[in-house]
1. Could you give the length gained on full extension between Ser60 and Glu74, defined as 0.36 nm per residue of separation minus the Cα-Cα distance, in nm?
2. What pairs from Lys34/Lys57; Lys34/Lys80; Lys57/Lys77 go past 24 Å between their alpha carbons?
Amino acid sequence: MEVFANLSGIQNIQITEIIVNTYKMRYISVGELKNRLSISRAKAYELAHSGSLETLKIGSSLRISEDSLAAWLESLKRPKNQGGDEMD
């Protein structure tokens, strides 16, 4: 992104804070994604690169939108039938 071209000397976490404050969105690291979902680091990167989640790349750092993670998790829920049991 050209907007961040002049911020190369600032630490990645500071850039993330600038983005969060500017757009009122929260982003998490791949490590945090790994911890939240209890998955391997490789699986977290696979998910981040799959296109299922909104990501932001700043230099070599990859961040995942918490809103897109929540929406993706919601989409994985299975509907319940009238009896309250999950459908097959």
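Any read-out appearing in this document is the output of simple, stated calculations on the displayed coordinates, not a laboratory observation. Here the structure is a predicted model, which is why all the values come from computation and not from measurement.
1. Working: separation 14, 0.36 × 14 = 5.04 nm, distance 2.88 nm.
Taking Ser60 through Glu74 to full extension adds about 2.2 nm, to one decimal.
2. Lys34/Lys80; Lys57/Lys77
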